[in-house]
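The values are calculated or read from the model by the stated rules, or taken from the named source; none is laboratory data. All values reported here derive from a predicted model rather than from experimental measurement. For neighbour counting, all protein chains shown are included, and Cβ atoms are generated from backbone atoms with ideal geometry for every residue, glycine included. Side chains are part of the model used for accessible areas, which takes the heavy atoms of the whole protein and leaves out ligands, DNA and RNA. Shrake-Rupley method; radii C 1.70, N 1.55, O 1.52, S 1.80 Å.
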Amino acid sequence: MTTAEQVLSAEALQRFVGTVAEPPRMARYGVSEAMIRNWAEALDDRNPVYVDEAAARESGRSGIIAPPAMVSTWVMSGYRRWREVQRARAAGIVEQTPYAELLSLLDRAGYTSVVATRMEQEYERELTVGLQVTCHITIESITGPKQTGLGEGYFIILGKRYEDADQETITTERFTLLRFRPKEGS
């Protein structure tokens, strides 16, 4: 067994399954009309309930709502945090969370590239202006290695639950990503 195979043994990877991936991600800002308008414009989504207060009220809502698929944007940490994580990763520093530790194991074995492969969301309620969103993430499963068109890799499924300040569920999500070792010459 090679070192990479030892690092990525079934037991080494399966210890992450069912664990809380990281601390809850709390939105830096509440759901806002300006961000909703930017999203709708960027995607050329002309649904009036996203940009027109009167149209939203006429449809029985209390005001403008956000597109449902926008739920994850509220808990994104931004580029500054991304750059900090990338600098730490390059320096070999691993945050003390199960997800960071899992990604570090995959990095060390050469599975450094990533692509999202699937996302399923179930919406419990609408995103209204002012709502504070928090996301709880669990590592649901890890499968691999599997040979794909991109190269050999591991599929990771993350379970996400988005909630409001009262801990009421807004959206549940299953997000699948592939961490892979690029094919030679790619």
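Just a few scattered comments:
- Note on segment 98-169: enclosed strands (runs of 3 or more DSSP E) holding 1 or more residues that are in contact (Cβ under 8 Å) with a residue 60 or more places away in the chain, closer than 17 Å to G18 by Cβ and touching a Leu at 6+ places or on another chain (Cβ under 9 Å) are 134-148, 151-163.
- Among residues of segment 46-75, those that are touching a residue at least 40 places away in the same chain (Cβ under 8 Å) and among the aliphatic types (A, V, I, L, M), counted: 7
- For the criterion of being open to solvent by 50 Å² or more (accessible area, probe 1.4 Å) and of a type in the set (S, T, Y), Y162 fails.
- Selection from segment 103-137 of residues that are under 24 Å from E163 (Cβ atoms), under 18 Å from the mean Cα position of the chain (by Cα) and buried (at least 17 other Cβ atoms within 10 Å of the Cβ): L127, V133, T134, C135, H136, I137
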